[in-house]
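See structure below.
Values in this text are rule-based calculations from the coordinates and carry no lab data. Values in this document were obtained by computation on a predicted structure and should not be read as measured data. All Cβ positions, even for glycine, are placed from backbone atoms using ideal geometry, and neighbour counts span all protein chains on display.
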Amino acid sequence: MSSPYDPDARYGTKRGSGWCGYKVHLSETCEPDAPHLIIHVATTDATVTDTEVTEAVHQGLAARELVPDEHDVDAGYVTAAHIVAARDAHGIELLGPVGLDTCHENYEGEHFTQSAFRIDWEARTATCPQGKVSASWSDQRKSSGTPVSRVHFTAQDCAVCPVRGKCTKAANGKWGRSLTLLPQDQQEALEDRRREQLTGQWQQRYNIRAGVEGTISQAVRRTRIRRTRYTGLPKTHLGHLLVVEFGIPSGVGHAARPMEDSSW
C-alpha cells in the first residue's frame with residue numbers, strides 16, 4: 001500500500017520512472033483495410049508486470065469471441081511459455097521479440113551460446129560443439145516455479161577442451177559447462193523465435209506493432225488517461241473503459257500508466 005486514500009494503489013517503476021497507482025493495457029485491432037478499434041482494456045495495480053497480463057488478455061478476448069489470429073506485442077509481454085500457451089490454448093500466434101541467445105558470463109569476443117549445443121530430448125543429453133556428451137541431466141524448478149532442466153558437462157572434458165575459453169569459465173570442480181533448458185516445447189519455440197526475429201522479413205512484419213504508439217499517445221493527450229479521478233481498482237478500470245468508449249477525460253488523482261499492447 002502506498003496511499004492512505006486508495007488502498008488498491010501501489011507504487012510501480014519502469015524504465016527509471018515511478019508512479020503511485022495503476023497500469024492500463026490497451027489491445028487494438030490493426031487490419032490494414034478496416035478501422036482500428038480498441039477491443040480490450042486491462043487495468044492492474046502498478047506492480048503487476050507485463051508478462052503477468054498476456055494470458056489474462058487472451059482469456060478476455062476469448063470470452064468475447066474476439067481472439068485474433070496474430071497478436072503483436074511489446075517484448076515485455078513475450079516469453080517462450082506465452083508463445084506456446086497462446087498457440088495451444090487459443091490458436092493465437094504471439095508475435096513479439098524474445099531475449100537473444102547470450103551467455104550469462106562476461107565474455108569478450110566469440111563464445112558458444114546455448115544454440116551451439118545439440119539437444120537430444122529423448123536421450124536427455126546435450127552434445128557440445130566439440131562432440132562431448134553431457135554427463136548429467138536433472139529436472140528442477142526455478143524459484144518462480146518454472147520447470148527447467150539442468151544439463152552439465154564434466155570438468156574433465158571441459159578442462160582439456162581446446163576451445164574452453166569460448167565456452168566456460170567454470171572453476172575447478174565436479175562440473176564444467178552447464179545449460180539451463182526450458183521444457184521441450186518452450187525451448188524449441190524460443191529457439192525458433194530467436195532465429196526468426198533476426199530476419200528482415202520478420203522485422204518488417206513486426207513493424208505493425210508500432211501503430212499502437214499513436215493510440216497510446218492519443219489516449220494520453222486527448223483523454224489524460226495517465227491520471228484517474230477514481231479510487232480503487234474496479235472504479236479505475238471503469239474509468240478506463242469510459243475513456244476508451246466515449247473519450248471522457250480522466251481527472252486528477254493517481255497515475256495510470258498506459259502500456260504497449262496491440263492485437264490483430
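The figures follow:
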read-out	value
Student exercise, the chain dipole from Lys, Arg, Asp, Glu Cβ charges, in Debye to nearest 20	1100
Value of [θ]222 nm, deg cm²/dmol, for the chain, DSSP H segments ≥ 4, -39500 (n - 2.57) each, nearest 500	-8000 deg cm²/dmol
Antiparallel DSSP beta bridges within the chain, percent to nearest 5	80
Excluding exposed DSSP-loop trypsin sites (Lys or Arg not before Pro) (at most 10 other C-beta within 10 Å), longest clean stretch of the chain	143-264
Two-decimal log10 I(q)/I(0) for region 131-193, as the Debye equation yields it once each C-alpha is a single scatterer, q = 0.17, 0.21, 0.22, 0.29 Å⁻¹	-0.68, -0.90, -0.94, -1.14
Relative contact order (%) - criterion: Cα under 8 Å, at least six apart; region: the chain	24
Quotient of C-alpha Rg and 2.2 N^0.38 Å, computed over region 1-84	1.26
Inverse mean reciprocal Cα-Cα distance (Kirkwood Rh) of region 43-132, Å	15.9
Relative contact order (%) - criterion: Cα under 8 Å, at least six apart; region: region 5-121	16
Environment charge of Leu37, counting only residues whose C-beta is closer than 11 Å and scoring Lys/Arg +1, Asp/Glu -1	-3
Positive-end residue of Ser136, Val163, Tyr11, charge dipole of the chain with Cβ unit charges	Tyr11
10 °C / 1.306 mPa s Stokes-Einstein diffusion coefficient of the chain, Kirkwood radius on C-alpha pairs, µm²/s	75
